[in-house]
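Structure record follows, encoded as structure tokens.
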Amino acid sequence: MSKSAVDAYWMPFTANRAFKQEPRILKAAEGHYYTADDDRRLYDLFSGLWTSGIGHCHPQIVEAVQEQVATLDYALGFQASNNRSFELAERLTAMAPDGFTRCFFTNSGSESVDTALKIALGYHRANGDVERTRLIGRERGYHGVNFGGLSVGGMPANREAFSACLLPTVDHIRSTSDLEFTAFSRGQPEWGAHLADDLERLCSERGGGTIAAVIVEPVAGSTGVLPPPAGYLERLREICDAHGILLIFDEVITAFGRLGEPFAADYFDVVPDLITTAKGLTNGVIPMGAVLVREPIHDAFMHGPDGMIELFHGYTYSGHPVAAAAGLATMDVYEIEGIFEHARELAKPFETLLHGFAGHDKVIDVRNIGLMGAIELAPRENEPGARGMEVHKRCFWDENLVIRNGMDTMQFAPFLNADRGELEDAFERFGRVLDTVA
Ligand SMILES: Cc1ncc(COP(=O)(O)O)c(C=O)c1O
């Protein structure tokens with residue numbers, strides 16, 4: 001790759017200057033492996049970016065996309081739409097928990113989040129509940145990068161440069177993670193359900209009747225895999241019900257099998273009012289997101305003259321036919337290949353492998369649930385994030401292994417159809433790096 005090409009691309013969420021001194025460039029992928037531009041094969045222990053649970057270039061999805069792009073490449077989506085978008089909407093609402101009868105398409109997780117927040121605000125307004133304008137997020141939450149999602153998100157570094165322009169009507173409840181009480185939990189920590197009462201506190205301070213919606217990731221992903229404490233989501237649901245607040249689960253990572261179930265809502269048996277998705281919806285092949293909505297929320301908008309647009313919101317590429325074809329093929333593969341069942345069975349061996357690092361002298365926490373895992377490393381003195389970044393790079397260059405680090409937390413998202421042997425091998429390579437890194 002020429003230096004001018006590398007320089008031209010201002011990369012997202014990347015230390016661009018450091019990256020460009022030693023670019024890590026991938027040019028092909030198949031199954032569970034990437035091919036780098038120097039022809040090395042690298043094992044992908046992050047399923048793309050939590051996206052590609054059934055492996056790269058799955059032949060059935062490739063074929064569906066090729067066929068669709070040659071049949072109907074694009075069709076307008078306002079006041080008319082393509083056949084595939086309807087088929088996928090029906091498929092997703094059938095897969096969703098009972099009562100989720102409507103699906104609104106977007107092109108990313110960030111757009112799904114902003115769409116869900118707008119639907120929540122619009123719902124209360126449509127019901128004449130005009131005082132409900134507050135939105136509640138959570139510290140260490142990640143809801144994408146658009147202004148709504150950034151406002152409810154709880155990652156200070158993402159918000160800092162834009163803080164003057166974030167929504168003024170947002171509060172945050174506390175994060176559920178505190179290593180003093182939760183370190184080395186397997187699955188859901190026993191400690192922390194009481195933190196849901198932060199919402200009750202905000203209801204007292206602000207007035208429960210002023211809060212439109214609460215948005216949480218059922219398992220916080222991007223901030224390093226923080227499973228919810230036992231009883232926490234149930235308590236949030238109770239408080240929302242008591243105050244007429246909508247509960248939004250941001251399932252951009254957790255939907256479509258990451259926890260061995262179609263949705264985290266199924267896994268935890270806690271049903272929200274709206275669910276945001278993206279990533280696994282198309283196995284990462286074509287950008288697409290979807291917001292799943294319960295019937296009464298949709299119906300609240302359906303008033304006024306029939307010919308009137310009910311929700312003034314949408315994207316040029318909402319329900320894009322090629323993305324929808326990829327989504328349909330992905331849903332087929334999930335079903336035909338028993339992907340969610342396999343993911344469920346793999347969760348325990350994955351947990352065992354991860355927690356095998358619990359006694360390592362550089363490790364301060366190990367967390368996991370389903371096929372989401374994190375190993376938090378002790379930061380180097382005065383150099384937060386440096387050790388994690390070095391582990392990432394050493395895995396890439398020395399061990400042909402792609403993993404992700406968020407600062408000093410190494411994150412793992414195995415393929416939903418991985419086998420135990422390949423995970424053992426991958427963690428052996430990771431272990432060699434961890435043993436020798438400074
Ligand atoms: C929970 C959650 N919400 C929203 C997003 C944003 O998705 P996107 O990057 O597709 O905009 C992400 C991305 O990782 C996410 O994990």
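With θ taken as phi - 60° and the Karplus curve 6.51 cos²θ - 1.76 cosθ + 1.60 applied, the whole-hertz 3J(HN,Hα) list for segment 429-435 is 5, 4, x, 4, 5, 4, 5 Hz, x standing for glycine and proline. Simple rule: put +1 on each Lys or Arg Cβ and -1 on each Asp or Glu Cβ in segment 1-132, find the dipole, and look at A8, G31, Q68; the Cα lying farthest toward the positive end is A8. Derived scalar couplings between HN and Hα for segment 182-198 equal 10, 4, 6, 5, 9, x, 6, x, 6, 8, x, 4, 5, 5, 5, 5, 3 Hz in order, rounded to whole Hz, by the Karplus curve 6.51 cos²θ - 1.76 cosθ + 1.60 (θ = phi - 60°), x for Gly and Pro.
Pairs of Lys residues in the chain are counted when their Cα atoms are under 22 angstrom apart and they lie 8 or more places apart or on different chains; the count is 8. Per residue, the average separation of C-alpha pairs within less than 8 Å and at least 6 apart gives the chain a relative contact order of 21 percent. The alpha carbons of segment 62-336 occupy a box of 56, 47, 39 Å along the principal axes, longest dimension given first. Antiparallel beta bridges, as assigned by DSSP with both residues in segment 62-336, represent about 45 percent of the total such bridges.
With each label modelled as a point 7 angstrom along the Cα→C-beta vector, the R41-E345 pair spans 2.4 nm. Straightening the chain between D197 and T14 buys 62.3 nm, computed as 0.36 nm per residue apart minus the Cα-Cα spacing. The ranking of W397, W50, W10 by Cβ neighbour count inside 10 Å, starting from the fewest, reads W10, W397, W50. Of the residues E217, E22, E422, the one with the fewest other Cβ atoms within 10 Å heads the list, and the complete ranking is E22, E422, E217. Each Lys and Arg contributes +1 and each Asp and Glu -1, all at the Cβ; summed about the Cα centre of the chain, the dipole is approximately 1000 debye. For segment 331-438, the calculated P(r), taken from all Cα-Cα distances in 5 Å bins from zero up to the bin holding the longest distance, is 2, 13, 23, 23, 17, 10, 7, 4, 1, 0, 0 percent.
None of the figures in this text is laboratory data; all of them are computed from the coordinates on show. In this text, all values refer to a predicted model and were calculated from it rather than measured experimentally. Backbone-built Cβ (ideal geometry, glycine too); neighbour counts: all protein chains shown.
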